[in-house]
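K.L.:
One structure, pasted below without further comment.
The values are calculated or read from the model by the stated rules, or taken from the named source; none is laboratory data. None of these values were measured; they are calculated from a predicted model. When we count neighbours, we look across all protein chains shown, and the Cβ atoms used for this are built from the backbone with ideal geometry, even at glycine.
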Amino acid sequence: MQSRSGSLVCATSSAAHEDGLSIASRPLLLTRDFGLVWWGQLISQIGDGVSKLALLWFVYAVTGSPLKTSIIGLLQTIPPIVLGPLIGVYVDRLPKKVLLITSDVLRALLIGLIPCLIPVESFTVSVLYVLVFLHAVSTAVFGPAMTAAIPEFVPKKQFTAANALLQGTTSLGIILGPAISGLGIAQYGSQEVLCINAATYLISAVCLIPVRFAKSGASAPTRASAPTLVQDLVEGFRYGVVTQPGLLLLTGTAALYSFGTSALTALFPVFARKLLGLGPVEVGYLWSALGIGLLLTSIGLLWVTDWTVKDRMRLIMAASVLSGLALSGLRWTPDPYVAGVLMGLIGCGMGAFTPIAWGIIQELAPGHMIGRVLGLYGTGAMTAAIGGISAFGWITEQQGPETGVLGIGLVLLVTALVATRMSRVRAGNEGNHS
């Protein structure tokens with residue numbers, strides 16, 4: 001039997017194989033085209049992990065202000081919230097391959113080449129803010145375009161597996177990127193470390209060039225004249241809210257999930273310091289445990305990719321319960337080793353939601369409307385994320401970290417209840433169609 005590592009090499013180097021091979025014969029990288037995308041994303045995600053620490057380090061080193069440092073996160077969040085629906089329209093209108101390659105090249109320039117070319121005395125925090133905002137706009141285009149493009153080079157039964165594998169690159173970026181960034185900052189400085197991103201994004205763009213993007217199976221209904229931007233926005237909103245109410249329920253579930261998990265990731269250093277008395281090194285280890293949990297779940301989802309929507313929503317329910325209970329357990333344990341195990345379990349639970357949710361959208365939405373549905377989904381999730389960070393930041397400051405941790409755990413348990421509701425709705429729909 002061919003080894004798993006042999007399958008991986010075969011998936012990325014052999015153009016002679018057919019794209020529709022089953023998971024059994026190609027257990028890791030699904031198709032030749034997806035293999036190229038995966039390798040490009042792995043490299044660029046590690047670059048993202050490197051640049052995130054370098055950006056924060058640069059701002060804090062120059063200003064000494066936590067508030068000005070936090071503006072980086074705000075600038076990265078605003079574009080997908082404000083521009084998400086509009087971006088979705090253009091993702092549906094324009095060739096996704098062009099959007100993806102253009103986004104990668106722009107990101108290479110904005111947080112790669114330009115920081116390297118600016119003289120040290122001119123590279124101010126204000127200049128960095130502008131570059132970060134424009135970079136966030138490009139990233140807000142790339143994310144939905146990549147997710148909407150999955151049906152163009154991956155068979156339908158492998159959508160969830162493809163999303164899980166792409167999430168795996170994010171996990172590896174979380175694990176490897178900060179460590180590489182820390183060494184680079186210590187050796188060369190934060191401005192020079194940003195130059196790494198130019199190479200990683202350009203490698204991602206090069207990997208996308210030979211990828212074969214097929215025409216989406218669903219075609220847009222013919223119209224006497226080209227639709228206006230507003231008509232496209234209204235059509236996408238009507239489909240996601242009225243025509244396919246299951247997508248609205250999925251977006252609501254995602255909003256709850258983001259409300260809790262974003263607060264956890266933003267406030268975890270506070271929880272670790274106040275509840276466990278840990279220093280920065282130990283917090284880093286716990287963060288790595290979270291990333292490892294995400295990675296393990298991403299791999300595990302390869303074997304559930306052909307489950308029904310009902311069963312996948314039940315898996316989200318179980319995963320949310322696991323994360324909620326493990327998070328609540330942090331409140332009661334003073335042992336950092338037990339906390340590490342709990343963080344791994346939290347990561348395992350968190351890793352199930354996004355690949356499954358994206359797979360459901362890719363399956364339910366027509367090919368000419370995936371971008372708009374993803375735009376609405378992303379806007380709802382990111383808005384809830386800002387709300388969760390703000391709400392639990394206030395709760396933690398006023399009521400203490402114990403209340404904050406238990407509150408986030410409760411939100412994840414409520415997410416499980418909503419996922420259960422959606423699984424029952426999908427079960428009824430599937431029964432009616434059988």
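K.L.:
Pick from the range 327-346 the residues that are within 22 Å of the chain's Cα centre (by Cα) and touching a residue at least 60 places away in the same chain (Cβ under 8 Å): which of them is farthest from residue 278 (Cα to Cα)?
P.N.:
Top of the filtered list is 346.
K.L.:
Since residue 307 meets every condition but one in (1) assigned to a helix (DSSP H, G or I); (2) under 30 Å from residue 373 (Cα atoms), which condition does it not meet?
P.N.:
(1)
K.L.:
Which residue pairs have Cβ atoms closer than 9 Å, lie 6 or more positions apart in sequence or on different chains, and pair a first residue in the range 38-58 that is of a type in the set (Val, Ile, Thr) with a second residue that is crowded, with 21+ Cβ neighbours inside 10 Å and not in a helix (DSSP H, G or I)?
P.N.:
Hits for this filter: 50/194.
K.L.:
May I ask you to say which residue of 243, 265, 261 is modelled with pLDDT of 85 or more and not assigned by TED's automatic domain parsing to the domain that holds residue 114? Show your work before the answer.
P.N.:
Values: 243 fails: modelled with pLDDT of 85 or more; 265 fails: modelled with pLDDT of 85 or more.
That would be 261, the only listed residue that is modelled with pLDDT of 85 or more and not assigned by TED's automatic domain parsing to the domain that holds residue 114.
K.L.:
Checking the condition of a type in the set (Val, Ile, Thr), in contact with a Leu (Cβ under 8 Å, 6 or more places away or on another chain) and either free of Cβ contacts under 8 Å to residues at least 12 places away in the same chain or more than 30 Å from residue 393 (Cα to Cα) (or both), which residue from 101, 72, 111, 118 passes?
P.N.:
Values: 72 fails: either free of Cβ contacts under 8 Å to residues at least 12 places away in the same chain or more than 30 Å from residue 393 (Cα to Cα) (or both); 111 fails: either free of Cβ contacts under 8 Å to residues at least 12 places away in the same chain or more than 30 Å from residue 393 (Cα to Cα) (or both); 118 fails: in contact with a Leu (Cβ under 8 Å, 6 or more places away or on another chain).
Answer to the check: 101.
K.L.:
Another question, if that's okay. With respect to residue 292, determine if the residue is buried (at least 21 other Cβ atoms within 10 Å of the Cβ), at pLDDT 85 or above and β-branched (Val, Ile, Thr).
P.N.:
It is false that residue 292 is buried (at least 21 other Cβ atoms within 10 Å of the Cβ), at pLDDT 85 or above and β-branched (Val, Ile, Thr).
K.L.:
Please determine, by comparing only the residues of the range 94-120 that are assigned to a loop (DSSP other than H, G, I, E, B) and of a type outside the set (Val, Ile, Thr), which one is surrounded by the most Cβ atoms within 10 Å (Cβ to Cβ).
P.N.:
Of the range 94-120, the ones assigned to a loop (DSSP other than H, G, I, E, B) are 94-95, 118-119.
Within this subset, residues satisfying the condition of being of a type outside the set (Val, Ile, Thr) are 94-95, 119.
Values: 94: 14, 95: 11, 119: 6.
Result: 94.
K.L.:
Contact list please: Cβ distance under 7 Å, first residue in the range 394-408 and closer than 17 Å to residue 333 by Cβ, second residue outside any helix (DSSP H, G or I) and small (Gly, Ala, Ser), pairs at least six apart or on different chains.
P.N.:
Final answer for the pair search is none.
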